[in-house]
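Below: the structure, in structure tokens.
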Amino acid sequence: MIKLENLTKVYQGGQKEAVHELNLEIDKGEICVLVGPSGCGKTTTLKMINRLIEPTSGKIFIDGVNAVQQDKNKLRRKIGYVIQQIGLFPHMTVKENIATVPQLLNWDPKKVDMRVEELLNLIGLDVSENIDKYPHELSGGQKQRVGVARAMAADPPIMLMDEPFGAVDPITRSDLQNELLRLQKSIKKTICFVTHDIDEAIKMGDKIAIMYEGELIQYDSPKKLLFNPKNEFVEDFIGSDRGLKVLNLMKIEEIMDKNFKSVEITDDCDQVLKKIEQSTRSSILVTDQENKLIGYVNFKRLKEHKKNKWCDFIKEIPVIEENASLKDGLNKMIENDIILLPVVDRSCRLQAIVTMDRLKSYISNKYIK
Ligand SMILES: Nc1ncnc2c1ncn2[C@@H]1O[C@H](COP(=O)(O)OP(=O)(O)OP(=O)(O)O)[C@@H](O)[C@H]1O
Ligand SMILES: [Mg+2]
């Protein structure tokens, strides 16, 4: 979708190349994150893609067409741009800000109104409450949301986002990241996303381009970057907690075990005891007849009190969903002092289990080579 070929920029009067012979391919529907220290050339690269800055040399292909030879306005219609530091027009309302590009494209006013409302709903801002506000009447997070909505207004297939969530507190930032990831699942834009925060890059990127002093140092998936940093710079940039970051990136579904035994609430005590004996564990998970998790029973306790109704010995157990991270899983185990977590779906139906042993061996095999 986007292909940069030997892209180079030397600013007028600049002694060094701000960007040096950059080669990069971004696939359709993917998020590519440009990350690197301040001044490494991220914004310059982004602005060359929509030609807010003209490259000194090199080529930019968008869908196979060299953008350097294309009409700028035509090009920009295909590209939404979220400016660093938000960049909302201060004297324009939320509606006017979002409607900028559709109005430039001479959309019918009714269609513009509908699109603005649709976008406000999409980004989670109440329409009547916010549509006529000016940027200074919005919180940081709300401004960032409007910035994203403005870039999306004419539904461009490509979005360039320059530190779109840079200026907010960590909680709002995490919310905004999650919202964009959720949105991306349905809108499937080709996104070039700039940040200087490696954690944000790992969370958001299908691919990550690490830049330093105008050069591309490594371009890989987050996993590859974490498992195989190309050199010391990348290693340092990722940070000393590389192992924990791996945990953050991996999902429970990657290590969960679907081969496990459970019992149903309607089973009788002998059946339950037999199933526990067949398994290697000291306890067993209990579900109802629809496979919804109820809790677990401990073998020793059950054996001691065999005569009583076994259901009385069911205890509650914390659960996890398959798309949670390994870090969430580990955290839950430590917090609750347990070595096994049931994996359930949204309706609390039991899918699998994840154990501390599996987590440990996964990390040691995959990560510590
Ligand atoms: N208009 C300009 N004129 C001259 N030099 C510039 C101009 N804009 C940027 N530069 C220089 O080009 C280099 C790359 O700048 P750029 O803005 O692309 O960095 P960045 O990676 O986006 O940094 P940050 O994380 O701080 O936003 C820097 O050394 C910067 O000083
Ligand atoms: Mg920048």
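Values quoted throughout were computed directly from the atomic coordinates according to the rules given, and no laboratory measurement underlies them. Please read all numbers here as calculations on a predicted model, not as lab measurements. Here the Cβ positions follow ideal geometry from the backbone for every residue, glycine too, while neighbour counts run over all protein chains shown.
Rounded to the nearest 20 debye, the dipole magnitude of the chain is 620 debye, with +1 charges on Lys and Arg beta carbons, -1 on Asp and Glu beta carbons, and the Cα centre as origin. Under 17 Å from the 7 Å Cα→Cβ point of residue 279, by amide nitrogen: which residues of the range 327-350? Label zone hits: 338-345, 349-350. Summing Lys, Arg as +1 and Asp, Glu as -1, what charge do residues with Cβ under 14 Å from the Cβ of residue 121 carry, residue 121 excluded? Combined, the nearby Lys, Arg, Asp and Glu give -2. Kindly flag which residue pairs out of 3/224; 207/327; 185/315 have an alpha-carbon separation exceeding 27 Å in this structure. Check vs 27 Å cut-off fails for 185/315.
Starting from the Kirkwood Rh over alpha-carbon pairs, what translational D in µm² s⁻¹ does the range 2-250 have by Stokes-Einstein at 4 °C and 1.567 mPa s? Please report the intermediate quantities before stating the final value.
Numbers: Rh = 18.7 Å.
For the chosen part, D equals 69 µm²/s.
3J(HN,Hα) along the range 251-261, derived from phi through the Karplus expression 6.51 cos²θ - 1.76 cosθ + 1.60 where θ = phi - 60°, amounts to 9, 3, 4, 6, 10, 6, 10, 8, 9, 8, 9 Hz, with x in place of Gly and Pro.
Just for the range 254-366, what percent of DSSP beta bridges are antiparallel, to the closest 5? Expressed as a percentage, antiparallel bridges in the range 254-366 total about 75. For the pair the range 246-285 and the range 123-170, the centres of their Cα atoms are 45 angstrom apart.
In the chain, a dipole from Cβ-located charges (positive for Lys and Arg, negative for Asp and Glu) runs towards its positive end, and of 14, 148, 68 it is 68 whose Cα lies farthest in that direction.
For the range 186-269, divide the Cα radius of gyration by the Kirkwood radius and give the resulting Rg/Rh value with two decimals.
With Rh from the inverse mean 1/r over Cα pairs, Rg/Rh is 1.23.
The 3J(HN,Hα) values that the Karplus relation (6.51, -1.76, 1.60; θ = phi - 60°) gives for the range 161-177 are, in residue order, 10, 9, 6, x, 10, x, 9, 10, 5, x, 6, 4, 4, 5, 4, 4, 4 Hz. Gly and Pro appear as x. Principal semi-axes of the equivalent ellipsoid, √(5λ) from the alpha carbon gyration tensor of the range 254-366, are 25, 15, 12 Å from largest down.
The ranking of 107, 310 from fewest to most other beta carbons within 10 Å of each one's beta carbon is 107, 310. Here the residues 165, 89, ranked from fewest to most Cβ neighbours within 10 Å of their Cβ, fall in the order 89, 165.
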